[in-house]
Amino acid sequence: MKRIAEEYIKITKIIRKDAWYFLVGNFFAGFGFTGFSLLFNLYLKESGKNEGTIGHVLSTGTYATVLMIFPAAYIVRKMSIRPIMIIVPVVMSAGYALAIQADSLQMIMAGIALSGFAGAFSSVIGGPLLMQSSGETERTHLFSINHAVALLSGITGNLVAGKLPDFLISKNISFAVGYRYAIFIHLVIALISLYFYGKIRVRHISFSDNGEDEDGVFRFRIKTSKKLLAYLAIPPMMVGLGAGMTIPFLNLYFKTRFEMSSNNIGMLFALAQLFTIGGALIAPMLARRFGKIMSVILSQIFSLPFLFILGMSHYLPLAITAFLIRNALMNMSAPISSNYSMESVHPDDRSITSGLLSLAWLFTWGITANIGGYFIENFGYELPFAFTMIFYILSSYLYYKLLYPLEKEAREKNKQEEIK
C-alpha cells in the first residue's frame, strides 16, 4: 500500500492543469447531481406521485440520453469544447430545477428530458478529454483518479443530501418543500463546476480516427466483427432489463418498506459507495484468477441470494447487509465486462463500442423502469426483484454461452504464442 501511495503522489506532480480542472469540476458536478438523484424520487413520492409515475419520469430522462448520445458525439467533434462543458451543467441544472418546480407531470418530464439531453454530452466528453489532457506516463493513473473522484463525490453528495432535508424539516418546513430546497442547494453546488471547466484550455478534443474521413464527414466504418459486437451487447442488455426493474427505486424501497429517514438513506448510499471501492479493488485479482468473463459470471451469480433477501426481507439490518453486498458484487462486474469489451474489439472501434454498450444498457433500463414502477405500485417489491434475478441469471448464461468460449480460445492462443 505504501508503494502504491508513493506512486500516486509522484504521478500527481505531473498531471496537467487541464486534467486537474476537469477532476475538480467533476467533483462538484458529481456532488450536486448525486444529491439530486438521491432526493428526486423521495420528493416525487412526498408530492403524491406513485411508483408507476416515478418510473415514467425516470425512463424519460434515460430515453433522452439514449437519443442524444450519437448526435452529441458528432457535435463535440465539430465545436469548441469549453463552451459545451460550461453549457451542459447549466442546462442539466435548469432541467432539474424545472422538474421540481413544475405543477404538471408533462412539465416534470420535460425538465428531466432536457437534463437527459444535456447529460449525453458528459458521457462522450470525459474519456477523450482525459486522453488528450494526459501523457502516457500518467494516463492510466489519471483514469483511476477520475473514478475515485466520482466515488468520493457520490459519497459526500449522498451524505449531505441525506442530512439537508431533515435539517430543513426541523425548521417547520413540509417534507416536500424540504426536499425541494435541498435539491436546489445541490444544483447550486453543481454549478460551482463551471468555474473549473471554464479554466480548461483545450479547445477541441480529438477522437479515434474511426469513422471520420479526411473530408471531415462522419461515417461508421466498423473493423470489428458484427457478430462479436452483438455478443458483447446482448448480456449487458439483460443486466439493464433486470436493473431497471428495481435499482432506480432502491431509495424508495428503504423509505416505504422500512420508513428510513432521508438522512439514514443518504448514509446508507454513501456506505454503498465505499463497498463499491472494495469491490473495485478485489476485481483485478478475481480477473487474474478466473478470467474476466468468469469473474463477471461469478459476481452476478453470487449477487442473486442478496437480491432475493432484498425482495423478501422486512428485517432492516438484513436488508441493509444484502443491499451493501449486492451493490459491491454487481458494480465489481461492470468494469471487468467493460475492460473485456475494449480489449476484444479493434482499437479503432473502442469509442463506438462504448457508445453501443451504453445505448444497449440505457435503452433496456429505461423500458423496465416503467414496468418496475408499475409492479411496485400494484404488487409490492417481491415481483420486481424476482424479475431482476431472472434477467441476471439469463445475462450470466449468455456471458457463459457467447463470450466465455471466445475468451478461453484467446487465452489458449496467447499461451501457444508464448511457447513459440
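The values are calculated or read from the model by the stated rules, or taken from the named source; none is laboratory data. Everything numeric here is computed off the predicted structure, so don't read it as measured data. Please note: Cβ atoms are built from the backbone with ideal geometry, for glycine as well, and neighbour counts cover all protein chains shown.
What are the residues in the range 151-178 that are more than 22 Å from the chain's Cα centre (by Cα) and among the aliphatic types (A, V, I, L, M), if any?
Scanning the range 151-178 gives 164, 168, 169, 173, 176, 177.
Considering only residues that are in contact with a His (Cβ under 9 Å, 6 or more places away or on another chain), loosely packed, with under 14 Cβ neighbours inside 10 Å and not small (Gly, Ala, Ser), which ones fall in the range 79-104?
79
State all residues of the range 179-196 that are within 21 Å of the chain's Cα centre (by Cα) and part of a helix (DSSP H, G or I); if no residue qualifies, say none.
First, the residues of the range 179-196 that are within 21 Å of the chain's Cα centre (by Cα): 183, 186-187, 189-191, 193.
183, 186, 187, 189, 190, 193, listed by residue number.
Within the range 235-279, count every residue that is outside any helix (DSSP H, G or I) and of a type outside the set (A, V, I, L, M, F, W, C). Before you say what the answer is, go through the steps one by one.
Start the filter on the range 235-279 by keeping residues that are outside any helix (DSSP H, G or I), which leaves 259-261.
When the remaining residues are screened for being of a type outside the set (A, V, I, L, M, F, W, C), the result is 259, 261.
So the count comes out to 2.
Conditions (1) closer than 27 Å to residue 273 by Cβ; (2) in contact with a Leu (Cβ under 8 Å, 6 or more places away or on another chain); (3) of a type in the set (D, E, K, R); (4) outside any helix (DSSP H, G or I), marked per residue:
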position	(1), (2), (3), (4)
327	yes, no, no, no
330	yes, no, no, no
352	no, no, no, no
360	yes, no, no, no
365	yes, yes, no, no
391	yes, yes, no, no
397	no, no, no, no
406	no, yes, no, no
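Considering the range 124-141 alone, what residues qualify as being touching a helix residue (DSSP H, G or I) at 6+ places or on another chain (Cβ under 7 Å) and at pLDDT 75 or above?
124, 125, 129, 130, 133
Among 262, 225, which is at pLDDT below 90, more than 19 Å from the chain's Cα centre (by Cα), closer than 28 Å to residue 375 by Cβ and not charged (D, E, K, R)? Explain how you work it out, then say what you get.
Numbers: 225 fails: closer than 28 Å to residue 375 by Cβ.
None of the others qualify; the one that does is 262.
Could you pull out every one of the helices (runs of 4 or more DSSP H) wholly within the range 61-169 that has 1 or more residues that are in contact with a Lys or Arg (Cβ under 6 Å, 6 or more places away or on another chain)?
Details: elements: 81-101, 105-132, 136-169.
Ranges flagged: 81-101.
Among the residues of the range 273-292, is there at least one that is among the basic types (Lys, Arg), surrounded by fewer than 22 Cβ atoms within 10 Å (Cβ to Cβ) and not assigned by TED's automatic domain parsing to the domain that holds residue 153? Let's see the steps before the verdict.
From the range 273-292, those among the basic types (Lys, Arg) are 288-289, 292; that's our starting set.
Still in the running and surrounded by fewer than 22 Cβ atoms within 10 Å (Cβ to Cβ): 288-289.
Retained after the next criterion (residues that are not assigned by TED's automatic domain parsing to the domain that holds residue 153): 288-289.
Within the range 273-292 (the criterion being among the basic types (Lys, Arg), surrounded by fewer than 22 Cβ atoms within 10 Å (Cβ to Cβ) and not assigned by TED's automatic domain parsing to the domain that holds residue 153), the answer is yes, since at least one residue qualifies.
Enumerate the pairs (first residue in the range 283-295 and touching a residue at least 12 places away in the same chain (Cβ under 8 Å); second residue anywhere and aliphatic (A, V, I, L, M)) with beta-carbon separation below 6 Å, excluding pairs fewer than 6 apart on the same chain, so at least 6 apart or on different chains.
The qualifying pairs are 283/332; 283/336; 287/336; 292/336; 293/403; 295/286; 295/287; 295/336.
Answer yes or no as to whether residue 199 is of a type in the set (Lys, Arg), in a loop (DSSP other than H, G, I, E, B) and without any contact (Cβ under 8 Å) to a residue 12 or more places away in the chain. Before you say what the answer is, go through the steps one by one.
Values: of a type in the set (Lys, Arg): yes; in a loop (DSSP other than H, G, I, E, B): yes; without any contact (Cβ under 8 Å) to a residue 12 or more places away in the chain: no.
No.
How about the range 6-51: which of its residues are more than 15 Å from residue 194 (Cα to Cα), crowded, with 21+ Cβ neighbours inside 10 Å and under 18 Å from the mean Cα position of the chain (by Cα)?
The answer is 34, 35, 36, 38, 39, 40, 41.
Specify which of the listed residues (379, 387) is without any contact (Cβ under 8 Å) to a residue 60 or more places away in the chain, surrounded by fewer than 21 Cβ atoms within 10 Å (Cβ to Cβ) and either assigned by TED's automatic domain parsing to the domain that holds residue 329 or in contact with a helix residue (DSSP H, G or I) (Cβ under 7 Å, 6 or more places away or on another chain) (or both).
379
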